[in-house]
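So the structure is just underneath, and the comments pick up after that.
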Amino acid sequence: MNEIDPRLQEGMDALAHLLSLADKKQNGEETVKKLMEDVGSIRSIYESTREDLAGLHGLSRVSSEVIDLVDDLARCTLRDDVGSKPVIAHYDKASRYLCAVMYGRQIEYCYLMILDKRGKLLKCPLMQTGTIDRSAVYAREVALSALRGRAVYCVLSHNHPGGHMEPSRQDIQMTYSVKDALNAVGISLLDHIIVSDHKAVSVRSLGFPPEKVWLSQKKNDRIMENWLNNSEDQ
């Protein structure tokens, strides 16, 4: 019999203990083994929805809800590492925050980071879930949300649950549409960040649109000009 990696065993033991606490009638160890056979990894179990888990190998409703809450707690913890109202004046800090916000998401989520003139995060509303609407109507909704939040700068972000990092043609078009809609009401878009598999990519850094177009939104603006520089270098 193959020996289980100690780190994997630790994760399995923790989940088994959690299930035993949630449901005294449940054999936590046996249930975790069966879940691993079906789902494939501890991470995949935690990232499953309560609807996916309910009834699987005898999991009770309470047990499936407890597992589903683990990702919520992880997101809160990861966001706390960045801060509740951080100053986000560079891409690297924005990407850390957004990776935390998107942690464990198995469908598309789209968020809008609303920043003040210093780059302080005022709020980060969820704009849409499911298949993201990339129409001009959606761009106007983003602009209205930014206005209500008294934004000076915004960062658009959505996740790719499938694991691919490259922006699609529709993602690039959405970047242009949202930038134009925000500019029309005097707000600057700093970036469109795509998150997948706990990593992030900046659409701006890929040249969509060209850097001179980004800079033209606010000439001689420190945050706009230094956005792609590592904050630790500043």
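Does segment 100-122 hold any residues that are modelled with pLDDT under 95 and within 24 Å of ASN226 (Cβ to Cβ), and which are they?
ALA100, VAL101
Using beta carbons and a limit of 8 Å, which pairs, at least six apart or on different chains, have the first residue in segment 118-144 and more than 26 Å from ALA89 (Cα to Cα) and of a type in the set (S, T, N, Q) and the second one assigned to a loop (DSSP other than H, G, I, E, B) and modelled with pLDDT under 95?
Note: pairs meeting the criteria are THR129/ILE107; THR129/GLU108; THR131/GLU108.
Going through TYR153, TYR176, TYR109, TYR103 one at a time, which residue ends up being out of contact with any Leu (no Cβ under 9 Å at 6 or more places or on another chain), hydroxyl-bearing (Ser, Thr, Tyr) and closer than 24 Å to LEU206 by Cα?
TYR176
So which of ARG96, ARG105, ARG43 ends up being outside the structural domain of PRO161 (by TED's automatic domain parsing), basic (Lys, Arg) and surrounded by fewer than 20 Cβ atoms within 10 Å (Cβ to Cβ)?
Among ARG96, ARG105, ARG43, only ARG43 is outside the structural domain of PRO161 (by TED's automatic domain parsing), basic (Lys, Arg) and surrounded by fewer than 20 Cβ atoms within 10 Å (Cβ to Cβ).
Could you check how many residues of segment 219-234 are part of a loop (DSSP other than H, G, I, E, B), surrounded by 12 or more Cβ atoms within 10 Å (Cβ to Cβ) and at pLDDT 95 or above?
3
Taking the residues in segment 159-216 that are charged (D, E, K, R) and within 19 Å of LEU115 (Cα to Cα) as candidates, determine which candidate is surrounded by the fewest Cβ atoms within 10 Å (Cβ to Cβ).
In this case the residue turns out to be ASP180.
Please go through segment 191-202 and pick out each residue that is touching a helix residue (DSSP H, G or I) at 6+ places or on another chain (Cβ under 7 Å) and aliphatic (A, V, I, L, M).
Result: ILE193, ILE194, VAL195, ALA200.
The values are calculated or read from the model by the stated rules, or taken from the named source; none is laboratory data. Owing to the predicted nature of the structure, the values given are computational and were not obtained by experimental measurement. Neighbour counts run over all protein chains shown; Cβ positions are idealised from the backbone, glycine included.
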